[in-house]
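Have a look at the structure below before the remarks.
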Amino acid sequence: AVWGQKNGSHNSNNTSDDDGPNKIIVGSSDNWHFGFNYSVWAFQNAPFYVNDVLVFKYDPPNDTVFPHSEYLLPNLWSYLRCDIGWQPYYFACDERGGLHWRDGRMKFMVLPLLRRWHY
């Protein structure tokens, strides 16, 4: 699944490019799976920018692999202020009654910055 704008994406990892948004694979080569600390990953791969594209890659479910999902969670503060602009984004897997979120650490947040253009 992909979160963000699709056009202009051209990189497979978080790389700096002033020509447009970055395409960022969540978890890098570890992808989106149970037991990985995505909060640490997000901290280590910051900064993220407005219009960057987050790509969630995970294996399809089978007899040994549970299904995963991703949600863009709402923010109460943004709701109260009617602020649909610059805001943090919260992602989590809600499978198995929240087990993947709580015990599997399949959650992270990003606070995108406005991209600085160089002339």
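Quick notes
- Across the range 84-119, the qualifying residues are those that are open to solvent by 70 Å² or more (accessible area, probe 1.4 Å), closer than 21 Å to residue 24 by Cα and assigned to a loop (DSSP other than H, G, I, E, B), and the one among them that is modelled with the highest pLDDT is 105.
- Within the range 18-71, tally of residues that are open to solvent by 30 Å² or more (accessible area, probe 1.4 Å), acidic (Asp, Glu) and either in contact with a Pro (Cβ under 7 Å, 6 or more places away or on another chain) or over 23 Å from residue 96 (Cβ atoms) (or both): 2
The values are calculated or read from the model by the stated rules, or taken from the named source; none is laboratory data. Bear in mind the structure is a predicted one, so any value in this text is a computation, not a measurement. No Cβ is skipped: glycine too gets one built from the backbone with ideal geometry, and neighbour counts run over all protein chains shown. Only protein heavy atoms, including side chains, enter the accessible area calculation; ligands, DNA and RNA are left aside. Shrake-Rupley method; radii C 1.70, N 1.55, O 1.52, S 1.80 Å.
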